[in-house]
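A quick write-up on the structure given underneath.
The values are calculated or read from the model by the stated rules, or taken from the named source; none is laboratory data. Bear in mind that the values here come from a model prediction, so they are computed numbers and not experimental data. Reconstructed Cβ throughout: ideal geometry from the backbone, glycine too, with neighbour counts over all protein chains shown.
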Amino acid sequence: MHQDLNRIEVEDILNTLPVKDQLLLKMKMAGLSYSEMAGVMGVSKGSVGVMLMRAMNRFKKSYEGNGGKGVNQKHELSERRPNLVVCREAANR
């Protein structure tokens, strides 16, 4: 039950972030490489690290603003790899 509540909290916070941040964080938690993320996002591999750090900082700020005590939800964000076609379409919006 507690794990379900944590998952819901993480999903709610993710949904407040820009779509590109959501995609980056979900791809990272699903285990995609920087090269794979770069391909999905249409950016260079070197840009992924900067974009991911910014997305993580925005997530952390939102999480802490909701009364969370920190971000240690690595496996809570995604149980499987996201559909890359859907990610590409969303990233290009």
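Pairs meeting the criteria (first residue in segment 31-59 and on the phi > 0 side of the Ramachandran plot, second residue of a type in the set (A, V, I, L, M, F, W, C), beta carbons under 7 Å, at least 6 apart or on different chains) are 42/91.
Give the residue, chosen from 36, 79, 9, that is assigned to a helix (DSSP H, G or I), modelled with pLDDT under 95 and acidic (Asp, Glu). Show your work before the answer.
Working: 36 fails: modelled with pLDDT under 95; 79 fails: assigned to a helix (DSSP H, G or I).
After applying the criteria, what remains is 9.
Cβ separations smaller than 9 Å between residues 6+ apart or across chains give the following pairs from segment 1-24 residues that are loosely packed, with under 13 Cβ neighbours inside 10 Å to residues that are modelled with pLDDT of 90 or more and part of a helix (DSSP H, G or I): 15/22; 18/55; 18/58.
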